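Presented below is the structure to which this report refers.
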Amino acid sequence: MDYQKHFFEIYATLESIENTGEVAQYIPELSRIDASKFGVSLTTIEGKTFSFKDANEKFSIQSIVKVLSLILAYKELGKELWKRVGVEPSGSPFNSLVQLEYEKGIPRNPFINAGAIVIADVLVSILKKPKEDFLKFIQNIARDNSITYSKKIALSEKQSAHRNMALVYLMKSFKNIKNDINEVMDFYFSICSIEMTCEQLNKSFLFLANNGSCPIQQKEIIRISQSKRINAIMQTCGFYDESGDFAFRVGLPGKSGVGGGIVAVHPGKYCVSIWSPKLNKKGNSFLGTKFLEDFTTRVESSIF
Ligand code: GLU
């Protein structure tokens, strides 16, 4: 399949539509990004990569990292983890406080901010040197030591993190945060600040298209049963309160971030990553979603 040709043709058809999205404003450092950037890259489980436009430019992966932090916590804690965080779609905005109050501090799923903060707390408890160990975990999966944190973006988020701080204090009051709040949030802001290119994202997520094992290194990252569960959570919760719509339009498990990135996997086939910074009202990349919708429709390749 000549994916490159499809990327080129789809991009040409989308150039004329009006992108009504907006670059994330609530993290000042992200608001400065060049909104016209666009990159897409697909890597097959046989190891062939097809890239288009800015696929080799680094951007802030933000919430996409929540899949990798969940995976590390799940590997370490096993099913005990589900006592601290649920696996149901929230149907609420990613930073909502409302549900958390009446569900007594147990976040609906690990991909809304509250859930990812609980996962950060779990990792702060488990890892000896949380930031270093977590980064090594990702670098090993991707086989790429150039992946790193952006101190500038982490600091920028920290300085405007009023809602996330409200979430963590609320969960602490329900005893679902075990560590010092500042330590947990410092870790959370750091992992959200990780920068990657579309190609690096593919390398970091390809194992989820291959039953939990990296097809290039022939190395198990997580068990088949765990890979099934992670993909299921991506399918049902990966796009906040737009997860149903993404499944309807694109039909692949995936995860978005407010940096404008989306990663999606087609189990047994490929991993595809896309970056376009302008976000729709739900916080997902406007053009990225549209592009993936056209792509899976055109190549007739979705899990449904
Ligand atoms: N660091 C961002 C936050 O906590 C992540 C949100 C996202 O990418 O959806 O708000």
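Laboratory data are not the source of any read-out in this text; all were calculated from the coordinates shown. This one's a predicted model, so the numbers in the text were calculated from it and none came from an experiment. Positions of Cβ are backbone-derived with ideal geometry, glycine not excepted, and every protein chain shown enters the neighbour counts.
Couple of notes before you dig in:
- DSSP-assigned coil residues among trypsin sites (Lys or Arg not before Pro) in the stretch 1-57, each with at most 11 further Cβ atoms within 10 Å: R32, K48
- Phi-based couplings in Hz for the stretch 291-303 (Karplus 6.51, -1.76, 1.60; Gly and Pro marked x): 4, 5, 4, 5, 5, 5, 6, 5, 8, 6, 9, 9, 7
- 24 Å Cα-Cα threshold exceeded, pairs from K66/K104; K37/K282; K255/K282; K152/K290; K66/K228: K152/K290
- Cα-centred dipole magnitude for the stretch 43-142, charges only on beta-carbon of K, R (+1) and D, E (-1), debye, nearest 20: 180 debye
- Loop trypsin sites (Lys or Arg not before Pro), the stretch 66-133, which have at most 14 other Cβ atoms in a 10 Å radius of their Cβ (DSSP): K104, K128
- Three-way shape call for the stretch 67-167 based on the alpha-carbon gyration tensor, with the a/c threshold at 1.5: oblate
- Cα-Cα pairs of the stretch 2-107 separated by more than 24 Å (percent): 51 percent
- The stretch 202-209 - phi-based ³J(HN,Hα) in whole Hz, Karplus 6.51/-1.76/1.60, Gly and Pro as x: 4, 5, 7, 10, 4, 4, 6, 8
- At 1.002 mPa s and 20 °C, Stokes diffusion of the chain via Kirkwood alpha-carbon radius, µm² per second: 113 µm²/s
- Each of S225, S16, S51 has some number of other Cβ atoms within 10 Å of its Cβ, and from fewest to most they run S16, S225, S51.
- Descending by average beta-carbon neighbour count within 10 Å, the peptides 269-278, 149-158, 293-302 line up as 269-278, 149-158, 293-302, the highest first.
- Helix-only arithmetic for the chain: the sum of -39500 (n - 2.57) across DSSP H runs with n ≥ 4, divided by the residue total, places the mean residue ellipticity at 222 nm at -13000 deg cm²/dmol.
- Rounded, prolate or oblate (a/c below 1.5 giving rounded, otherwise prolate when a/b exceeds b/c) for the stretch 145-296 by Cα gyration tensor: prolate
- Karplus-derived HN-Hα couplings along the stretch 273-281 (A = 6.51, B = -1.76, C = 1.60, θ = phi - 60°), whole Hz, x at Gly and Pro: 10, 9, 9, 8, x, 6, 9, 7, 5
- Rounded to the nearest 20 debye, the dipole size of the chain about its Cα centre is 820 debye, using +1 on the Cβ of Lys and Arg and -1 on the Cβ of Asp and Glu.
- Each label point was placed 7 Å from the Cα along the Cα-to-Cβ direction; for V87 and R249 their separation is 2.7 nm.
- Rounded Å value of the spacing that divides the Cα centres of the stretch 139-163 and the stretch 231-281: 20 Å
- Seen from Y3, the other residues with C-beta closer than 14 Å to its C-beta sum to a net charge of -1, counting Lys and Arg as +1 and Asp and Glu as -1.
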